[in-house]
Amino acid sequence: MPFLNQMYDTYKNQGLELIGLSIDEDVEAVRSFLKKVEIKYPVVVADLDISEEYGIQFVPHHVFIDRQGKKRAEETGFSEEGKVEFETKVRELLKER
């Protein structure tokens, strides 16, 4: 999550929106976790409909949506090597109008 905080800080003024979705059904567990971890973007508890609509089977799962609301890319998992590709996708989408 530090990387996502960094991305949010760097690109929010250019139009980047991040929304974290928790698929944990225990809302209190989510609240407790969020009190311990600094997350600079909103986090909501997603129901199974959202998980199914986006085909989320594993976490973390990232969905890249353009300014028109169209899903443009997605990826599952996260690695240090993937940071460059992630940021590249964000920058490409932010250039579009």
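Read-outs: derived from the displayed coordinates by stated rules, not from any lab. Quantities reported herein were computed from a predicted structural model and do not represent experimental measurements. We place every Cβ from the backbone using ideal geometry, glycine too, and count neighbours over all the protein chains shown.
Output the residues belonging to the range 26-55 that are charged (D, E, K, R) and in contact with a Leu (Cβ under 9 Å, 6 or more places away or on another chain).
Lys40
Of the residues Leu4, Leu16, Leu21, only one is part of a helix (DSSP H, G or I) and of a type in the set (A, V, I, L, M, F, W, C); which?
Being part of a helix (DSSP H, G or I) and of a type in the set (A, V, I, L, M, F, W, C) holds for just one of Leu4, Leu16, Leu21, which is Leu4.
Taking the range 33-49 as the region of interest, how many residues are part of a helix (DSSP H, G or I) and over 24 Å from Met7 (Cα atoms)?
The total comes to 2.
Pull up the range 72-97, narrow it to residues that are touching a His at 6+ places or on another chain (Cβ under 9 Å) and surrounded by 14 or more Cβ atoms within 10 Å (Cβ to Cβ), then point me to the one that is farthest from Leu16 (Cα to Cα).
Step by step, filter the range 72-97, then rank; the result is Phe78.
Report yes if Phe33 is surrounded by 14 or more Cβ atoms within 10 Å (Cβ to Cβ), without any contact (Cβ under 8 Å) to a residue 24 or more places away in the chain and farther than 19 Å from Leu93 by Cβ, otherwise no.
In short, yes.
Being among the small types (Gly, Ala, Ser), loosely packed, with under 14 Cβ neighbours inside 10 Å and within 29 Å of Glu28 (Cβ to Cβ): is that true of Gly69 here?
Taking the combined requirement at face value, the residue does not satisfy it.
If we keep just the residues of the range 36-64 that are in contact with a Gly (Cβ under 8 Å, 6 or more places away or on another chain) and among the hydrophobic types (A, V, I, L, M, F, W, C), which is surrounded by the most Cβ atoms within 10 Å (Cβ to Cβ)?
Once the filter is applied, the top-ranked residue is Val43.
Filter the range 50-97 for residues that are aromatic (Phe, Trp, Tyr), assigned to a loop (DSSP other than H, G, I, E, B) and under 13 Å from the mean Cα position of the chain (by Cα) and give the result.
Tyr54, Phe78
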